[in-house]
Every structure is written in structure tokens, then in C-alpha cells.
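Asks: Mind looking over this structure? Questions follow.
Just so it is clear, none of the values below were taken in a lab; they were calculated from the coordinates. Bear in mind that the values here come from a model prediction, so they are computed numbers and not experimental data. Every residue, glycine as well, gets a Cβ built from its backbone with ideal geometry; the counts of neighbours run over all protein chains shown.
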Amino acid sequence: MDKLINNKIITTLICPVCKNDKFNQNTVITKRLSDEWNLSSLEENYINKQQGKFCTKCNSSLRSMTLANSILEYFKYNSCFKDFCQSKYKNKLNVLEVNEAGHLHRFLENFKNHQFAEYPNVDIQKLPYEDNIFDFIVHSDTLEHVEDSLLGLKECHRVLKSNGVLFYTIPIVYGRMTKLRDGLSDSYHGSQNENQGEDWKVITEYGADFWVEIFDAGFNEICISKLDDKASFAIIAKTRNKFSYKFDFIAFIRRLIQKLKSFKISYIILI
Ligand SMILES: [Zn+2]
């Protein structure tokens, strides 16, 4: 999205969900949240942009746009997310959406095999699905509210097929390490309302080491996909071949020779 014109970087953002090029921005970080999280003004700015900037046509937040863009790039799809969800992929891919993936939900519903797992009916820590059945999973700003986020990621890994992929976002404050809010005052986010209920309580404040639990959960590869600037990135966690069996041709020939030798010996004894 960046262009170099007269030695200046000009960012020309196009909404990857609907191709619109007009945006507005709301302020979402309240003084209360800023104090609870102990944010600097720089950190407030990029979180406000990530959560508050939105497309004037499809209403997608920058967070949703970033997530959509990461999916389009992964599948090398050359149009917008709205079209992607109506393309040949909608009949081919098994999709799991855990809680509403921001503004992408109404588009993801177009997938023929789309499972929508919404808390409290479905808990990411105990997904009611068989192993190895989904091609991709999407969730957006869910994991920071989960009691055991590592277990949530392990469950995602379990239900993904080999070479499956998880696309997600979490709020990250880059200049510090991840910490649990144990022993700190309760903090909530999701709307401006102070009484949002326990579903919105923040358990984990993610920092620069956010990637550790992804590997701990069993994923083999992590990519970070940027849309506009560091206020907007999505995490792409991939499984490789989940079955450790690999065909060993040399071992196969050796076993075959052994079999033939023993067969020949048995045959000679018999005659
Ligand atoms: Zn849009």
C-alpha cells in the first residue's frame, strides 16, 4: 500500500474488503483503558487507529481489513474479500469462525462449509469438532479474553487439517512483554460501556513475545501480515504435515529385500 513519490512514502489505503478508498476514525481508547493498560500516547495512537479507523462503505475496521487482507494474500486472490467469499473457494474450503470476526462475519457466512462458533455456546478451549477438518480458522480479538489462551490455540491446531491455517488478531503493545492481568484491577474492552460483562474481561495483555504460545500450541510457522502500518497486522499461524509418517524409500527397499530373502529360504526348506 506504500508508494515512494519524490522520496516521500505516500500510503494509499484501499479497503481490501470492498475496494473503497474513504475512511473515518473514532477514538476508542478511553482514559480509563489507557490508565488500566498504562499506555503511552504513541501506544494510544496506534491502538486507536487499529480499532477506530473504518471504511465508510462497508464499515470494516482497520483490524477487520487487515485480517481480510492476510486471507487474500495467503490464497493469492486478486480481488476484494467480498468477492473472495463468493468465489470458487466458497465451495472448496471448510471454514471455522470463532466469535464474530469483526465485520467479516457477514461475508464469511457465504462459505458453504462455514461453522460459526460463538461463545458461550462454543468455547474455543473445548471446540466440539473432530480433529483435522478445517482448512482455515478466523478469529479477531478473542484470545486476550480466554482463560487459557494456549489451550485455545491448541484446540485450533487440533481441528485444522494438515497444512491448515489460522488467521487472527490480538491487541499487542509491542514495547513490553505479555502479562496476565492476575492481581490487577479488572479491565474490559469491546465497547465504551463500563458494564460489558465478563465475556469482555481482559485476561492477557499481549506484548512482543506473543508468538511463543503459537509455537507452544503446535503450529510450525508464523507470519505477520501488515496492511497499512504497525497499527494493522494480522497473525497467520500454519500447521505443516500433522502426520509424522513419511515414506522412506530406502527403508522400504531394505524391508522388501529382507522379505524376499526369508521367502527364498522358506521355499528351499520346503522343497
Ligand atoms: Zn470497505
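Asks: Using the Karplus curve 6.51 cos²θ - 1.76 cosθ + 1.60 with θ = phi - 60°, what ³J(HN,Hα) values do you get for each residue of region 66-81, in whole Hz, with x for Gly and Pro?
Replies: For region 66-81, the Karplus-derived couplings read 5, 5, 4, 4, 5, 5, 4, 5, 4, 8, 6, 9, 8, 10, 8, 4 Hz, x marking Gly and Pro.
Asks: In nm, to one decimal, how far is the modelled label at residue 151 from the one at residue 133, with both set 7 Å along Cα→Cβ?
Replies: About 2.1 nm separates the two model spin labels.
Asks: Show me 72-81, 147-156 ranked by packing, highest mean number of other Cβ atoms within 10 Å first.
Replies: Most protected by this proxy first, the peptides run 147-156, 72-81.
Asks: So if R0 is 51 Å, what FRET efficiency would residue 174 and residue 262 give, r being the distance between their Cβ atoms, rounded to the nearest 0.05?
Replies: Once rounded, the FRET efficiency stands at 0.20.
Asks: Here is a follow-up. Sorted by packing (mean other beta-carbon atoms within 10 Å per residue), highest first, where do 133-141, 27-35 land?
Replies: Put in order of decreasing packing, that is 133-141, 27-35.
Asks: Starting at the first residue of region 117-127, write each ³J(HN,Hα) from the Karplus equation 6.51 cos²θ - 1.76 cosθ + 1.60 with θ = phi - 60°, in whole Hz, x for Gly and Pro.
Replies: 9, 10, 5, x, 4, 10, 9, 4, 7, 8, 6
Asks: What Rg and what Dmax come out for region 1-132 when only alpha-carbon atoms are used, in angstroms?
Replies: 17.5, 55
Asks: Return the inverse of the average 1/r over all pairs of distinct C-alpha atoms in region 67-238, which is the Kirkwood hydrodynamic radius, in Å to one decimal.
Replies: That comes to 16.6 Å for region 67-238.
Asks: Assuming R0 = 25 Å, what is the FRET efficiency of residue 86 and residue 24, from their Cβ-Cβ distance, to the nearest 0.05?
Replies: 0.40
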